[in-house]
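> Quick one: the structure is below, questions incoming.
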Amino acid sequence: MTSSPPSTVSGATEPKLTGNPAGAPATATHPPAPQGASEVVERLGALAREQERLQEQLAALRDERDALILSGLAQGLSSAELANTAHLTGARVRAIADAAAASSARERVSRAIAKLAEQTPALCTTYGALATAVGIGSAKGVASSLAANPDVSSREGARVLLLRWASPTLGGYVIPTSEPTWQTQGDDTASRLDCLKADNLVVETPGPTGPVWVVPFERVCADATRLTRLIAS
């Protein structure tokens, strides 16, 4: 059997189809490579602007996604369902929730500390009382929040004391002269004791082995209920 010649219309042969066959993947096209130095600079600038625009769009999409995930969790959706829908891992969904909780805790702590710093006469509090007042749940959580909170200065953070420093015999909270775990913010390198001295919150008192610095009990709001009222006012 022989094949028939191409059909003709008015003496012309039928045109052949060109390009990719149906279903073949399209090949990305790029503009011609720049030739001169000025064209190179111009193209790089255009690419940088486009990349910045796309990154801003991506950041906005991520923010919206995270907000929807938090909303879904608040409404009782499971992290597994949200992760599957958002094409994320369950660990990533939990990390988003944890980051939001940590951010919220830092904000609540910084607002509470700012309110405490406004009190006259000046007052201190304890990690435990502050934790209860802001709803964090543990003194250690408050300590972690303060350590990573740029909105709280060393002078403000110094007013949050450890309950174990309380000494009924000496009538207040004994402030250590050296505190290796004390964390400062930026260029603010004053110690806790220096900060409390600056606010006239400590008095020097004779101790069993020599003079000690004490914050009197009347200058410490260790009651969570009272502290809640103070920071809400």
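> Considering each residue of segment 98-144, count those that are of a type in the set (S, T, N, Q), in a loop (DSSP other than H, G, I, E, B) and farther than 17 Å from residue 199 by Cα, and give that number.
1
> Please enumerate the residues belonging to segment 77-89 that are loosely packed, with under 14 Cβ neighbours inside 10 Å and part of a helix (DSSP H, G or I).
80, 81, 84, 85
> Only one of (1) assigned to a loop (DSSP other than H, G, I, E, B); (2) at pLDDT 90 or above is not met by residue 197, so which one is it?
For residue 197, the exception is condition (1).
> Let me ask you something else. With the structure loaded, tell me whether residue 147 is touching a residue at least 60 places away in the same chain (Cβ under 8 Å), out of contact with any Ser or Thr (no Cβ under 6 Å at 6 or more places or on another chain) and in the same structural domain as residue 213 (by TED's automatic domain parsing) or whether it fails that test.
When the stated conditions are applied, residue 147 does not pass them.
> Could I ask something else about it? Here is a list of conditions, (1) in the same structural domain as residue 207 (by TED's automatic domain parsing); (2) exposed (fewer than 15 other Cβ atoms within 10 Å of the Cβ); (3) free of Cβ contacts under 8 Å to residues at least 12 places away in the same chain; (4) not β-branched (Val, Ile, Thr), and residue 163 meets all of them except one; can you say which number that is?
For residue 163, the failing item is (3).
> Being among the polar types (S, T, N, Q), surrounded by 15 or more Cβ atoms within 10 Å (Cβ to Cβ), in contact with a strand residue (DSSP E or B) (Cβ under 8 Å, 6 or more places away or on another chain) and touching a residue at least 12 places away in the same chain (Cβ under 8 Å) narrows it down to one of 110, 154, so name that one.
Being among the polar types (S, T, N, Q), surrounded by 15 or more Cβ atoms within 10 Å (Cβ to Cβ), in contact with a strand residue (DSSP E or B) (Cβ under 8 Å, 6 or more places away or on another chain) and touching a residue at least 12 places away in the same chain (Cβ under 8 Å) holds for just one of 110, 154, which is 154.
> Name every residue in segment 83-106 that is among the hydrophobic types (A, V, I, L, M, F, W, C) and under 29 Å from residue 142 (Cβ atoms), in order of residue number.
If the condition is that a residue be among the hydrophobic types (A, V, I, L, M, F, W, C) and under 29 Å from residue 142 (Cβ atoms), then 91, 93, 95, 96, 97, 99, 100, 101, 102, 105 are the ones that fit.
> Output the qualifying pairs, or none if there are none: Cβ atoms under 6 angstrom, residues six or more apart or on different chains, first residue in segment 121-140 and of a type outside the set (A, V, I, L, M) and at pLDDT below 90, second residue surrounded by 19 or more Cβ atoms within 10 Å (Cβ to Cβ) and in a helix (DSSP H, G or I).
Close Cβ pairs (under 6 Å, with a partner that is surrounded by 19 or more Cβ atoms within 10 Å (Cβ to Cβ) and in a helix (DSSP H, G or I)) amount to 138/131.
> Looking at segment 192-224, which of its residues are more than 35 Å from the chain's Cα centre (by Cα) and at positive phi?
210
> Condition first: in a helix (DSSP H, G or I) and either in contact (Cβ under 8 Å) with a residue 60 or more places away in the chain or of a type outside the set (Lys, Arg) (or both). Now tell me which residues in segment 63-76 satisfy that.
63, 64, 66, 67, 68, 69, 70, 71, 72, 73, 74
The values are calculated or read from the model by the stated rules, or taken from the named source; none is laboratory data. Worth saying up front: this structure is predicted, and the values here are computed from it rather than measured. In this analysis, Cβ positions are derived from the backbone assuming ideal geometry, glycine residues included, and neighbour counts consider all displayed protein chains.
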